[in-house]
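Structure first, then comments.
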Amino acid sequence: MPTVKDVIVKKPSPEEQSQAESWPIWECQPSEFDWAYTQTETCLILEGQVTISDGENEVSFGQGDWVVFPVDLECIWKVKKPVRKHYNFS
């Protein structure tokens, strides 16, 4: 079972940034919720600040970050600043 340590957070390449522009947008106000990934999700954070936790570890990301969540990850999302992101499931 993956943990938040398996989440990839990096700055996108120009190609990745261009690719993400065609993806749908998701928005969320500050909140906290459980989430389980049934597919791999790749996203580009346009705005906001988030910390995810698996109960033992935390990973934070925000505006400008390219984030990849592995399939079968179960975590808690803590949206600290309103989030707007491009996302793609595979």
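Only the coordinates and a few stated rules stand behind these numbers; no lab work does. Here the structure is a predicted model, which means the values were calculated and not measured. Neighbour counts run over all protein chains shown; Cβ positions are idealised from the backbone, glycine included.
Bridging of LYS80 to aspartates and glutamates at a Cα separation below 16 Å is possible for GLU27, GLU32, ASP34, GLU47, GLU58, ASP65, once same-chain residues fewer than 8 apart are set aside. Normalised by the number of residues in the chain, the mean separation of alpha-carbon contacts (under 8 Å, six or more apart) gives a relative contact order of 45 percent.
Taking θ as phi - 60° and the Karplus parameters 6.51, -1.76 and 1.60, the scalar couplings of the range 7-22 work out to 6, 9, 10, 7, 7, x, 6, x, 5, 5, 4, 5, 4, 5, 4, 8 Hz in sequence order, x denoting glycine and proline. Ordered by the count of other Cβ atoms within 10 Å of each Cβ, fewest first, LYS85, LYS10, LYS80 give LYS10, LYS80, LYS85. Only Cα sites of the chain enter the Debye sum here, all with the same form factor; the resulting log10 I(q)/I(0) across q = 0.12, 0.13 1/Å is -0.32, -0.37, listed in q order. Sorting PHE89, PHE69 from the fewest to the most surrounding beta carbons within 10 angstrom yields PHE89, PHE69. A cut-off of 5 Å between modelled amide H atoms, ignoring neighbours fewer than 5 places along the same chain, links GLN63 with GLY48. Taking the Cα centre of the chain as reference, the dipole from Cβ charges on Lys and Arg (+1) and Asp and Glu (-1) amounts to some 320 debye.
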